[in-house]
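Each remark here refers to the structure printed beneath this line.
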Amino acid sequence: MKTLFTAEYAGSLDDFRQLGELVIRGWAAGESKLTEDALIDLAHDASFIITSYDDITARVIDACPQLKLIACTRANPVNIDLQAAARRNIPVIYTPGRNSDAAAELTLALMLSLARHIPQAHAALKRGEFTREQPHAAVAKEGLRSDVVWDVDKSSPYEVFKGSELRNKTLGIVGYGSIGQRVGRIARAFGMRLLVADPYVSAVEINEPGIEKTTLERLFSDADFISLHLKATPQTDGLIGRELFNRMKPNALFINTSRAAVVIEEDLITALREKRLAGAALDVYASEPVYRRHPFITEFDNVVITPHIAGATRETLVKHTEMIAQDIQRYLKGEPLLYVWR
C-alpha cells in the first residue's frame, strides 16, 4: 500500500513506513501547500492520504480509485470534501483536542498580557524608555536598601503600566468545549469566577461553585474578561457584534483565539474606538495574514496581537501524529475508529 504524507509532524514516522510505500511531500517536506494537480499526481495510486492543510477536494478523491482512508491532523477537517469522501465510503479521521492545551495556555498568556500590559512594558524598554545610559548601583540610604530608582510620579513605569489582577475577577467563556473547559480550569486556579455561555452544555454539567451557565447577553454585561472558544459554523458566523460589545464594561477585556468569523471585526474596531471596552487580545483575523496597516496594528495601544499561533507547539505535533498513527492501526485491524468524522 502507498501513503501520501503531507502533514506537519513530530517524532518518528516508522509507524507510517510500516504501511508500505511512504511518500513525504508538501508541508512534511518543507514545501508549500500542494495544488490539486500535484496531489492527484502523487496520490492517484495511494491507499492513504495524511495531510494538515492541503485541500482534498472531490476532484482529488475521485482521481484516487485505491484510496481507503483520509487523515487530517486538525481539530476540524475543513480542508477535506467530506461529502465526496462519504460518497466513496472513505472514512475521514482527524485529531480533536490535539491543540487544546496549547490554545488554552496562549489564551491565558494573552489575558495576562492585557491585564498587566506586558507587551507594552517590554516594547518600552526595547525602545530605551525607562532605562539609563550606565548601570546604576543601588545605594543604601539611612540603613534602607534603595531598590526603587524611578521617580514616583505619573510618568514612572509603576504608574504607566499599572494593571489589574485576575483573582476575584469574572471570566466569561463563550463556547465550553475542550479548549473552553481547559481555559476555565486554569482561570479557576488564578481565583477567577466563571460565566459560561454554550447552548450545548447543560447547567448540570457545570454545576459547581464559582461556575455558572448564563446567556450570551448577561455574560457580555457582567464579565471582566471575555474569551471566545467557538467553532466557525453557520450558527456562529458573525455571532459577536456591536450589540454585545456595547454591553461590555468599559474596563472589560476581550480575547479571541478561536475563529475570526465568529466576530464582526469592524464592530470590534468601532467598539475599541468608542472605548466600549478596555482592550482586546487577538490571534485570528478576518483576513490572514493580517495586513500591515490594519487598525489593530497601527491604531490601538490596548490591543495585543499574535499571528494565529494558538496551536503552534511541539507537543501539538506529537499528539496529532500519534493520534493518526494509532487510528490507522485500528483501521487495519478492523477495530472501531476513535477519531472518525461523523
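The values are calculated or read from the model by the stated rules, or taken from the named source; none is laboratory data. Predicted, not measured: the structure shown is a model, and the values here were computed from it. Ideal geometry is used to build each Cβ from the backbone, glycine not excepted, and the neighbour counts take in all protein chains shown. Keep in mind that these areas ignore ligands, DNA and RNA; they rest on the heavy atoms of the full protein, side chains included. Shrake-Rupley method; radii C 1.70, N 1.55, O 1.52, S 1.80 Å.
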### Query
Ignoring ligands, DNA and RNA, what accessible area per residue does the chain give at 1.4 Å, in Å²?
54
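May I ask you to list the trypsin sites (Lys or Arg not before Pro) in the stretch 220-317 that are in a DSSP loop and have at most 11 other Cβ atoms within 10 Å of their Cβ? All intermediate terms of the calculation are to be shown ahead of the outcome.
Details: sites: Lys231, Arg242, Arg247, Arg259, Arg273, Lys275, Arg276, Arg292, Arg293, Arg314; in loops: Lys231, Arg247, Arg259, Lys275, Arg276, Arg292, Arg293.
In loop regions of the stretch 220-317 (DSSP not H, G, I, E or B), the sparsely surrounded trypsin sites (Lys or Arg not before Pro) are Lys275, Arg292, Arg293.
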## Note on the structure
Looking only at aspartates and glutamates whose Cα falls under 19 Å of Lys154's and that sit 8 or more positions away or on another chain, we get Glu129, Asp301
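For the stretch 262-342, which GluC sites (Glu not before Pro) are in a loop by DSSP, counting at most 13 other Cβ atoms within 10 Å?
Details: sites: Glu265, Glu266, Glu274, Glu299, Glu315, Glu322; in loops: Glu274, Glu299.
Here the GluC sites (Glu not before Pro) that fit, given the DSSP loop and packing criteria, are Glu274, Glu299.
Report the far tail of the P(r) of the stretch 228-295, meaning the percent of Cα-Cα pairs longer than 19 Å. Provide the component values of the computation, followed by the final result.
On the way: 648 of 2278 pairs.
Across the stretch 228-295, Cα pairs with separations above 19 Å total 28 percent.
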## Note on the structure
Expressed in angstrom, Rg and Dmax over the Cα atoms of the stretch 58-138 are 24.7, 76
### Message
Under 26 Å between alpha carbons, and skipping anything fewer than 8 positions from Lys68 in its own chain: which lysines qualify?
### Response
Lys2, Lys33, Lys319, Lys333
### Summary
Asserting the computed 222 nm helical MRE of the chain (DSSP H runs at least 4 long, -39500 (n - 2.57) per run, divided by residue count, to nearest 500) equals -8500 deg cm²/dmol
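Find the Cα radius of gyration of the stretch 1-48, compare it with 2.2 N^0.38 Å by division, and give the number to two decimals.
On the way: Rg = 10.6 Å, N = 48, 2.2 N^0.38 = 9.6 Å.
Compared with the compact-globule rule of thumb, the stretch 1-48 sits at 1.10.
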## Note on the structure
Under the Karplus relation with 6.51, -1.76 and 1.60 and θ = phi - 60°, whole-Hz ³J(HN,Hα) for the stretch 38-51, x at Gly and Pro, equal 5, 4, 5, 4, 7, 10, 4, 10, 8, 8, 10, 10, 10, 9
## Note on the structure
Asp81 neighbourhood, Cβ < 15 Å, K/R = +1, D/E = -1, net charge 0
### Query
Using a simple spin-label model with points 7 Å from Cα along the Cα→Cβ vector, what separation in nm is obtained for Arg218 and Ala58?
4.6
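Restricting to DSSP loop positions (anything but H, G, I, E, B) with no more than 12 other Cβ atoms inside 10 Å of their own Cβ, which GluC sites (Glu not before Pro) remain in the stretch 1-46? Spell out each step's value before the answer.
Working: sites: Glu8, Glu21, Glu31, Glu36; in loops: Glu8, Glu31.
For GluC sites (Glu not before Pro) across the stretch 1-46 that sit outside H, G, I, E and B with at most 12 neighbouring Cβ atoms in 10 Å, the list reads Glu31.
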### Message
In whole Å, what are the extents of the stretch 185-309 along the principal axes defined by its C-alpha atoms, from largest to smallest?
### Response
46, 31, 27
### Other-chain or far-sequence residues with amide H under 5 Å of His117's (modelled H)
none
#### Entry: Proximal lysines to Lys213, defined as alpha-carbon separation beneath 28 angstrom and excluding residues fewer than eight positions away on the same chain
Lys169, Lys231, Lys249, Lys275
### Task
Exposed loop chymotrypsin sites (Phe, Trp or Tyr not before Pro) only (DSSP loop, at most 13 other Cβ atoms within 10 Å): please give the longest stretch of the chain free of them, not including the sites.
1-149
### Summary
Of every hundred units of 1.4 Å-probe accessible area on the chain, the number belonging to carbon and sulfur atoms, as a percent, is 50
### Message
Could you give each residue of the stretch 184-192 its phi-based ³J(HN,Hα) in whole Hz, using Karplus coefficients 6.51, -1.76, 1.60 with θ = phi - 60°, and x for Gly or Pro?
### Response
x, 5, 5, 4, 4, 5, 7, x, 8
### Summary
Cα gyration tensor of the chain diagonalised, 5x eigenvalues square-rooted, in angstrom largest first, produces semi-axes 44, 25, 20
